Amino acid sequence: MAKWAIILGVCLLNIVVAVDKNNFKSCEQSSFCRRLRKYQPGESTYHLDFSALHITDNVVEAQLINTQVPEVNLKLTLTAIIGNIFRVSVDEVNGLHSRYKPQFALNGDPQETKLEVVARNLEQVTVSSGDSKVVLTAKPLKIEFYTKDKLVNVVNSKGLFAFEHYRNKPAEGETDPQIQDDPGAWEENFKSHHDTKPRGPSAIAADFNFPNAERVYGLPEHGDSLSLKSTQQNNLDPYRLYNLDVFEYELDSTMAIYGAVPVVYAVSPQHSVGVFWHNAAETWVDIKNSKDTDIISSLVDFVNPSSKETFVDVRFMSESGVLDFFVLMGPTLKSAVKQYVSLTGVHGLPQLFTLAYHQSRWNYNDQDDVTTVVANFDIHNLPLDVMWLDIEYTEGKKYFTWDHIKFSNPDNMVSNLTSTGRKLVVIIDPHIKREGGYFLHEDALKHDFYVKNKDGSVYEGWCWPGSSSYLDFYNPSTVDYYKKLYSLDNFKGTSHDVWIWNDMNEPSVFNGPEITMPKDCVHYGGWEHRDVHNEYALAHTIGTYQGLRLRSPHKRPFILTRGHFAGSQRYTAMWTGDNDAKWSHLAVSFPMCLSEALGGISFCGADVGGFFNNPDTELLQRWYQAGIWLPFFRAHAHIDTKRREPYLFSDDIINRIRTALRLRYAHLPLWYTLFWEHETQGEPVLRPLLYHYPEKEVIDIDNTALIGNSVLVRPVSEPGVTSVEVYLPGGSNANWYDLSTFTLYHGGSYKLSVDLDTHVAFYRGGSIIPRKDRPRRSSTIMHRDPFTLYVALDNEKTASGTLYLDDYESYEYKNAKKYIYLLFNYSNNKLTSSLLDKTDYPTEEWIEKVVILGPPAGIKGAKLISKSLGTVDLETSYDKQMKYLTVRKPGVSVREPFSIELV
Amino acid sequence: MDVFKIYSCFKIKCLFFLIFLVELSTSSVEIPRPRGVSLSRAGLYDPEKDFTCLDGSKTIPYDQVNDDYCDCNDSSDEPGTNACANGSFYCLNAGYKPQILASNRVNDGICDCCDGADEYTGRKSCINNCLEIGRAAREEAARYAELLKIGKQMRTELSQQGKKIKNEKQAKLNELRKNKEEAEKIKTEKEELKKQAEEVENKALEYYRELEEQHRKQKAEKESEKLREEAVDNFNKLDSNQDGLIDISEIQTRQTFDRDRNGEVTEEEAKIFLDNQDSADLETFIEKSWPLMKPFVTLESGMFKPPALESEAEDLKENDEQNEYGEGDHEAEEEEEEEESDDKAQHEDIENEEHITYDEETQKLVDIATEARSQLADSEKEVRNINDEIRDIEQSLKKDFGPDEEFATLEGQCFEYSDREYIYKLCPFDKTVQIPKSNSLETNLGRWSKWDGPNNNPYGLMFYDHGQNCWNGPNRTTKVKVTCGTENKLISVSEPNRCEYAFEFQTPAACRELSNESGTDLHDEL
């Protein structure tokens, strides 16, 4: 929530309509990017020295020499990681300063596995692990990765590898052979900000060539398409990864915004491979895709088509840190994503309510306002689970306090909410108001919990409260203190049903360079902010996570963050920040969340309605219809916008939004099951078509998404349209059933007519979708409600699906195996339910209905068999118009296996 | 009353009677009907027969009614469960009033009916508090009835006063219109008198005018001579090589002429003073160069403040102010500025006027003319005043003070409400304002626009719009909810939307029965 309007507005007076690019660096303005980007492809000056090769069971180590500066001692380490992953690290031996390796991105130390030496001589070393093979070439440095015997990735094929060791500043008049005379190497200015760079240049870079790849995906967070564009074309800057609070960020842009996940996947229909660049400093990534090569080479291709080879080149450049990357060997996109997730972790199963509807606004004015909004949702029969409070609930922007007049009795407000199964989320930001008497500030000063200037004094920046300092979450004692702040004793007015929103944690500093913290600030352990910047938000949310675990040990925490990094998924949900009430921002929310999902962060959403400005009612309705299909579903709005809670509109609009909300609530069992499978199997919840369908047609489709593998959605994000185009994958044998009309489509391209009521969404033939079709005012109330199974038959008249359930909030599913995980199978006119895990949960939930799409003809009834009910005859009915069969009231508990045979 | 009788009297009239009975009685009447069905619909659920959905779409065995499975598209087979998405549940709430809930409220762990009928699984135990609620509601109804009774009397009085005010205004208007005629007549006479007096005065003053003209000429000559001397003097000073010409280099040596203050007098800068030539002789210098140079020379000697700079400074200051407050009351500022400049002009006139003494006779004539002018001005003012008054009254008469003029007495009054930071003022039929307690800068939240209540209560809401503009937003508006109370009182203020204010105002003028009071009717369509 960059509530920037006020501050900028004073200076500009006119309404600011878009991002002010001048506030943010281009590659040319960032010294190391400018320096490294000047490298031309050619022979690399880096050589491996295999004379002193050190090989153990799991590790290959060799000395790496830059022939420009042969006296510098670098070491390259290659390891194999369980799950078909390789890791390559390069660090200085006895360098002037130590180099930073991210502390929090990895979910524990990756487990190494055995490397077999296949061949070795002074020129080349070949090692293998499983089906994969790595060839290290000494002169010049080259690392080739093979799956079986297919070359899938080459490091330093273009000779753009770079490693700027720490050095002493050259004397006046001396030229550094590596740095040359780059004026920004030893100090750097941007606008009125001066970066003193006391440790000098320290950048690193490596280029990765992916032969035969058609596209690359990944590198969230950018307001951009899912498929990454060729940079360097049309003066396009490299994709930048540097967590920044960008006011009114623009789309189709490689500019950095709030989050940074440095992973890419190079994909072709035949093969996928990924690279995770494990670095937390400012990073720029150049992409070159053969499809975008210039006209001359296209002509050559035309003349000599055999020379046409597809490839993608990716080059990572970072300002500091150890050069450390993982190669995710695939061979499918799905397996590469799982490999990434095996390194950085997953989001644990969230409480059910977090997947329901969230209502936010900057700001609900007072406690009565909160109560009234909820009452209005009830009056209009609109489901709602969570109310949110933005910064104005605090006493003068002092976190962990309440405005004692507007929120004089938060306990009462919270119990009003929980009496109808609702929850509250309040905001807590990492900047701390510098005000005498504010306990948090005084404690932080006393115990030295703040980030420092380079001279050791406490850093002061400007944020919501005015003059602020920033907690240093890299300091274990800070985190230890911070997590206790969330205790109910300390944060009065909260309860076990109040959860947390961590915003502004890029960190946002209104008067800092690029609206963030100066790079020469110093963190615990002596690390410069430059080294750790992209990890700050992650470190912040870890503190919050620990705090909530401590506060409510029996409930799964819910945290929403804006800044994020690789690994953030283990602790938080994220949203796409301060978007705009524009159609383009509605549309981009899907590619953005799809990109995050490939980056391991499944729990993603965008502000429904758009944060800035006022959406017209068509846009608002479409946004609800789209927003229900993203994992995190929250409406939010800027303080200057008009109120837009759905009940404020005319009946037809309320009805459409109610329909959308009810669809979301009906599918909660599906979402919940998918999050269980995300936790246990590492699968993203939201998936691009190409995740399941390696078809050439889908590689650029990002306006369509799959929810798990069973629902395909193509939200309408164009104004005033009467038709939209949709591509249904899988070929002519694939069945897709319109989710509202049950009309059957086969794979292919369609132009579908739409009106304001239309949801363009389909069930995949072959899947069984568990739903709860009884609309309730909140998800908590649905815990005991019965299920309806939607059985969408494929061409073979078969289908299958899963269902996960438990108490929907506690850790009993982990601690005591109290859960039920079911597999539904349908074949030969018979639906069976069986337990996938030998576990149980004493639930009252039961099956109230089975709806079969594409059913066999001539069905007269059905026979249910289960242990406790014996054999029961069930009624069936066929809807001739919509062509579906209903099995009436099986009435069987989900706890026991059963079968239902159509007769 | 036995069951058979109830069924047999299933006719509309009888039905109303029944409901009436139930509502009055405090003990519940037991009638066999499916759970969640109202008494009026009980007859549609006959346990002896198959059940036909009320929309006629389907017939099901009676035992599938309320069996926790939704068979009917219209939800009518599950009146007592939450199985149907759009069903409704009826609770009797004996002792209070019956209620119809959305059926998704049934067995959701929240007690919605005061008799607790909506929660029957035993998981949630609800206390039956219909009696207390009923009592409280009846007390409240009685209290309101009492309030309304008193209020209505007061309203009648207000209405009489209002009508009186209206008549008075009308009478006053008529009187003013008469006065206006009178005043205009006087004005015409005074105009004639003034004309005559001025003719005489003019003739008498002819001599003095000529005298004055001579004075002026002499003075101008003197001044031009002085200017020339000054120019010659400066020419000599500047002409360092004494060649009778001022050239570029001679100007460049003087920092005084560094127009852009970049520390250097460029050739271009110098040329500007030389009429864009390379040099200037004495005559050209006097005519063209010196008038341009003089401000710089005098500025240097500290005698002169260039007007441009002054206004720039003012602009800056103004911007600062705007920034500080985010928004300024532009109108007020402009007015102030105008007044200031008027003052200045007058002041200068007085200074420049030279004192001339007339002979006694002429002075007399002048005095007479002055008196005539003054009298005309007075009569004009009188006409203007009357016109203003007429306009005010006409505008007031155009306002809608309610069907019985009951709101008329509120005009001209203001009512205050104070919260933590602000004092809010409602001046009915005029404006709403907000005044911070920290200073007294008044912000206009809207000017009277219209009554904006719903059809059944058009006088329930006042609308004020075109208030002060919000930064980056709309003009402020205020909606004032007007309710019945025994005194005029502003009872609450909030800002539900940015720059959209909601006031609540109580007044006896609003005490009357509304055509359809607060939906107490329980619709029970058949």
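Just counting partner chain Cβ atoms within 10 Å, what average do the residues of peptide A:631-640 show around their Cβ? Walk me through the numbers on the way to the answer.
Values: counts 0, 0, 0, 0, 0, 0, 0, 1, 1, 8.
Averaged over the peptide's residues, the number is 1.
All other residues with a Cβ under 14 Å from the Cβ of A:ASP455 taken together, and with Lys, Arg as +1 and Asp, Glu as -1, what is their net charge?
Details: positive: A:LYS452, A:LYS454; negative: A:GLU460, A:ASP520, A:GLU528.
Residues near A:ASP455 contribute -1 overall.
Sequence neighbours fewer than 8 away in the same chain don't count; with that in mind, list the aspartates and glutamates whose C-alpha is under 14 Å from B:LYS49.
In chain and number order, the partners are B:ASP63, B:ASP77.
Neighbour counts of other C-beta atoms within 10 Å: give me A:VAL152, A:VAL261 arranged from fewest to most.
Working: A:VAL152 24, A:VAL261 28.
Going from least to most buried by this count: A:VAL152, A:VAL261.
Quick one: check the C-alpha center-to-center distance for segment A:705-780 versus segment A:328-355, whole angstrom.
25 Å
What percent do you get for the relative contact order of chain A when only Cα pairs under 8 Å and 6+ apart count? List each step's numbers first, then the result.
Working: 2242 pairs, mean separation 87.1, N = 903.
It comes to 10 percent, rounded to a whole number.
Under the definition of partner shielding as Cβ atoms of other protein chains within 10 Å of a residue Cβ, what is the mean value for peptide A:878-891? If you can, show how the numbers build up before the last one.
Working: counts 0, 0, 0, 0, 0, 0, 0, 0, 0, 0, 5, 7, 0, 3.
For this peptide, the per-residue mean of nearby foreign Cβ atoms is 1.
Take the alpha carbon atoms of segment A:138-205, find their center, do the same for segment A:406-441, and report the distance between the two centers in whole angstrom.
Result: 47 Å between the Cα centres.
Would you mind putting A:537-543, A:726-732 in packing order, based on average other-beta-carbon counts within 10 Å, highest first?
Highest mean packing first, the order is A:537-543, A:726-732.
Between the DSSP loop rule and a limit of at most 16 other Cβ atoms within 10 Å, which GluC sites (Glu not before Pro) in segment A:611-710 are left?
Numbers: sites: A:GLU618, A:GLU677, A:GLU679, A:GLU695, A:GLU697; in loops: A:GLU695.
Of the GluC sites (Glu not before Pro), the ones in loops of segment A:611-710 whose Cβ has at most 16 other Cβ atoms within 10 Å are A:GLU695.
Students often forget the sequence filter, so: which aspartates and glutamates lie under 13 Å Cα-Cα from A:LYS398 once same-chain residues fewer than 8 apart are removed?
Within the straight-line limit of under 13 Å, A:LYS398 reaches these aspartates and glutamates: A:ASP390, A:ASP429, A:GLU435, A:GLU442.
Quickly rank B:465-477, B:100-112, B:449-461, A:597-609 as a protection proxy: mean count of other C-beta atoms within 10 Å, highest first. Write down the numbers at each step before the final one.
Values: B:465-477: 17.5, B:100-112: 20.8, B:449-461: 14.5, A:597-609: 28.2.
In descending order of packing, they fall as A:597-609, B:100-112, B:465-477, B:449-461.
What aspartates and glutamates sit close enough to A:LYS797 to cross-link, taking a C-alpha to C-alpha distance under 14 Å and skipping anything fewer than 8 places away on the same chain?
A:GLU901
Which net charge results when you count Lys and Arg as +1 and Asp and Glu as -1 among the other residues whose beta-carbon is under 12 Å from that of A:SER868?
On the way: positive: A:LYS867, A:ARG895; negative: A:GLU896.
It works out to a net charge of +1.
In whole angstrom, how far apart do the alpha carbon centroids of segment A:485-516 and segment B:177-224 sit?
78 Å
Hey, what D do you get for segment A:764-902 in µm²/s if you plug the Kirkwood alpha-carbon radius into Stokes-Einstein at 37 °C and 0.692 mPa s?
Numbers: Rh = 15.5 Å.
Answer, rounded: 212 µm²/s.
Counting Lys and Arg as +1 and Asp and Glu as -1, what is the net charge of the other residues whose Cβ lies under 11 Å from the Cβ of B:GLU504?
On the way: positive: B:LYS479, B:LYS481, B:LYS489; negative: none.
Counting the neighbours of B:GLU504, the net charge comes to +3.
We did not get these values from a lab; they are worked out from the coordinates using the rules stated. Owing to the predicted nature of the structure, the values given are computational and were not obtained by experimental measurement. Counting neighbours? That spans all protein chains shown, and the Cβs are built from the backbone with ideal geometry, glycine included.
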